[in-house]
Amino acid sequence: MFKIKVKDEIIKHCKEQVEKYNFGQRGIADGNKEEQFVGCVGESVVREFFGLEWVDGSKGFDGGKDIEYEGIKIDVKTMGRTTDVKPFYVNNFIALQKSYEVDVYIFTSFNKLKNELTICGWIAKKELFQKASFFPKETKRYRSDGTFFETKADLYEIENSKLYDVNSIDELKDCLLNFKKER
């Protein structure tokens, strides 16, 4: 895992994007404005890693693919948090997105108090569904602090410890290129 400070310009940009555009268009478990903001921040930071422009909501639905790198279709999934990330923390994946044509997921966590983004790791789509735990809609999911939420839709959870760990953007890019060669 590695983390970076999110630029103030990205925070401002994502707030403006979420105010202008509704990023939740499934009709179920679309995410509120705060959740959409968190996703916009995570995706914008990772897009910048790959030399791409930040999220632009005027372009509409992206089909689930946030980034294409060397022919690899990538979806960036971001959890909002108020603490630093731990290896046993989980990342949520709404099952409604399972059919999107992507090859790889990059999981990130945005610490809203520190404005830091942690790159938790990455995983191939096929492996995600082999390693993740499945929870049907309305299942109570308990957090490590004892609080809980009920799932809004069918949900997969994968622990950070089950993701491929990377310690820099260069290492992430190398891993993705190796993934491309092996498939």
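The values are calculated or read from the model by the stated rules, or taken from the named source; none is laboratory data. The model shown is predicted, which means the values in this text are computed figures rather than measured ones. When we count neighbours, we look across all protein chains shown, and the Cβ atoms used for this are built from the backbone with ideal geometry, even at glycine.
Taken over segment 139-158, residues that are closer than 20 Å to Val85 by Cβ, of a type in the set (Asp, Glu) and assigned to a strand (DSSP E or B) amount to 1. Checked against (1) closer than 19 Å to Glu34 by Cα; (2) loosely packed, with under 13 Cβ neighbours inside 10 Å; (3) at pLDDT below 95, Leu113 meets all criteria but (3). For Lys65, the conditions (1) at pLDDT below 95; (2) touching a strand residue (DSSP E or B) at 6+ places or on another chain (Cβ under 6 Å); (3) surrounded by 21 or more Cβ atoms within 10 Å (Cβ to Cβ) all hold with the exception of (3). State all residues of segment 68-102 that are within 19 Å of Lys152 (Cα to Cα), surrounded by 13 or more Cβ atoms within 10 Å (Cβ to Cβ) and out of contact with any Lys or Arg (no Cβ under 9 Å at 6 or more places or on another chain); if no residue qualifies, say none. Within segment 68-102, Lys77, Thr78, Met79 meet the criteria.
The residue list Asp165, Asp174 contains one member that is under 26 Å from Val6 (Cβ atoms) and touching a residue at least 12 places away in the same chain (Cβ under 8 Å), which is Asp165. Within segment 60-82, being farther than 18 Å from Leu163 by Cα and touching a residue at least 60 places away in the same chain (Cβ under 8 Å) holds for Tyr69, Glu70, Gly71.
Looking across segment 18-62, just one residue is of a type in the set (S, T, N, Q) and modelled with pLDDT of 90 or more, and that is Ser44.
Do we find a residue being in a loop (DSSP other than H, G, I, E, B), without any contact (Cβ under 8 Å) to a residue 24 or more places away in the chain and more than 16 Å from the chain's Cα centre (by Cα) anywhere in segment 116-137? Checking segment 116-137: at least one residue is in a loop (DSSP other than H, G, I, E, B), without any contact (Cβ under 8 Å) to a residue 24 or more places away in the chain and more than 16 Å from the chain's Cα centre (by Cα). For segment 99-106, state whether one or more residues are closer than 21 Å to Arg81 by Cα and part of a strand (DSSP E or B). Taking every residue of segment 99-106 in turn, at least one turns out to be closer than 21 Å to Arg81 by Cα and part of a strand (DSSP E or B). Each residue in segment 36-60 was checked for being outside any loop (DSSP other than H, G, I, E, B) and in contact with a strand residue (DSSP E or B) (Cβ under 7 Å, 6 or more places away or on another chain), and 8 pass.
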